[in-house]
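Below is one structure, written out as structure tokens; comments come after it.
The values are calculated or read from the model by the stated rules, or taken from the named source; none is laboratory data. Quick caveat, the model's predicted, so the values are computed rather than measured. Positions of Cβ are backbone-derived with ideal geometry, glycine not excepted, and every protein chain shown enters the neighbour counts. The protein model used for the area step is the full one, side chains on, heavy atoms only, and it has no ligands, DNA or RNA in it. Shrake-Rupley method; radii C 1.70, N 1.55, O 1.52, S 1.80 Å.
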Amino acid sequence: AGFEDIVMVLSGMSNMEQMEDNLSYMTDFQPLTEAEHEIIDKVRTLYQAQHKVPCTACGYCVDGCPAGIPIPDIFALLNKKLAKEEYEEAAYGAFENNADSCVGCGACEAACPQKLEIRHLLKEAHKALG
């Protein structure tokens, strides 16, 4: 709420207490100030610079992958490496099927709600991690 082009806010809840808590935040809703928007823009820019692949790890791409590639896990490793975060270098080699196993069918891209160019990103991941 409070962002341009947002028409609906969805919030998960599983009981009445959570629903009442969620509703309380919107009872006297105050949009973000210009200063708050500027802070969010700065943080977004920093985050995007560190995370090359904006994968949300939903897993939709994995369901239809004929090669059984753990795509979100590979992208998470790539993001950690690019952000110079600690990660287990042997993790990539431990996958039964890594990015190099991609057959290029495009099923992953058709399923991706983020519309990522997964086939291209898998090639980049293999170069960086393999």
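Return the residue satisfying two criteria in turn: it lies in region 80-113 and is on the phi > 0 side of the Ramachandran plot and touching a residue at least 12 places away in the same chain (Cβ under 8 Å), and of such residues it is most open to solvent (accessible area, probe 1.4 Å).
For region 80-113, the residue satisfying everything is 104.
When you look at residue 4, is it open to solvent by 80 Å² or more (accessible area, probe 1.4 Å) and closer than 18 Å to residue 127 by Cα, yes or no? Considered against the rule, which asks whether it is open to solvent by 80 Å² or more (accessible area, probe 1.4 Å) and closer than 18 Å to residue 127 by Cα, residue 4 comes out as no.
Of the helices (runs of 4 or more DSSP H) lying entirely inside region 9-113, the ones with 2 or more residues being farther than 18 Å from residue 128 by Cα are found at 16-27, 34-50, 60-63, 107-111. Within region 42-49, is even one residue within 16 Å of residue 124 (Cα to Cα), among the polar types (S, T, N, Q) and without any contact (Cβ under 8 Å) to a residue 40 or more places away in the chain? Scanning region 42-49 turns up no residue that is within 16 Å of residue 124 (Cα to Cα), among the polar types (S, T, N, Q) and without any contact (Cβ under 8 Å) to a residue 40 or more places away in the chain.
For region 24-47, a residue qualifies if it is open to solvent by less than 100 Å² (accessible area, probe 1.4 Å) and of a type in the set (A, V, I, L, M, F, W, C), and the qualifying residues are 26, 29, 32, 35, 40, 43. The set of residues from region 114-127 being out of contact with any helix residue (DSSP H, G or I) (no Cβ under 6 Å at 6 or more places or on another chain) and part of a helix (DSSP H, G or I) comprises 119, 120, 121, 123, 124, 127.
Just one of the listed residues (121, 116) is at pLDDT 95 or above, crowded, with 17+ Cβ neighbours inside 10 Å and within 28 Å of residue 2 (Cβ to Cβ), and it is 116.
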